[in-house]
Amino acid sequence: MNMSKIQRLFSSKLPAGKAGTYLAATTTVAVLAAAASGLLTPANAHPDRNDGDLKELRDIYQKAQLYEVEQLEVGFHSATSYGGDIDALMALWADGCTLTSGTTVTTGKDAVRAVFAAGGGFTHYWVGLTPAFKLTADIHGDTADLSFQCDFVDPHVTPPTVQAEKLLYGTVKRVRGQWLFWHMTSAGASLEP
């Protein structure tokens, strides 16, 4: 499979700047469809098919899944910033989820919602940030390990000041094609490496 040939094909048919976005979207959809249909399994490989092509498809699929898992962090900080949107945050959590903080385990979306609603992101006009190098994700089929740091900054003071630092880590899972927080732990964090 030669991705540059595909890119040239699409770029000749689309307006400038749109080819890359279209290619990424269609490649992701194609790989997801192939994976869902079982075409990416070795048993379904065609004898004339280049094993490198199959590996490339698997790699693309893995990268697409990793990107989707990492988008949980983006959604989390978007939902917990500027006074927060608790409904948007809870849309990122699976039914039967847990949130552990210290020795306290909170179970279920309603209980997790109450914990977050009482927290700084929803009681202050802070901005949630993550140092990119502190985000890690590792996929294992329909579950993944995800860890990221939350640094909440108050933009109304000069200079903007970090008001809270937390680490959120644990297991996320794919539910009906969407990655969701499942069994997560919140702990203290630091800006130090």
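What follows draws every value from the coordinates through simple rules; no lab data is involved. Computed from a predicted model, the values in this text were never measured in an experiment. Cβ atoms come from the backbone with ideal geometry, glycine included; neighbour counts cover every protein chain shown.
Once C-alpha pairs closer than 8 Å and six or more residues apart are averaged by separation and normalised to the residue number of the stretch 45-188, the relative contact order reads 23 percent.
The simple Förster model, with R0 at 25 Å and r as the Cβ-Cβ distance, assigns THR123 and ASP95 a FRET efficiency of 0.45. In terms of the mean number of neighbouring beta-carbon atoms within 10 Å, the peptides 127-133, 154-160 order highest first as 127-133, 154-160. Cross-link pairs exceeding 26 Å between alpha carbons, from the set LYS55/LYS166; LYS109/LYS166; LYS55/LYS173: LYS55/LYS166.
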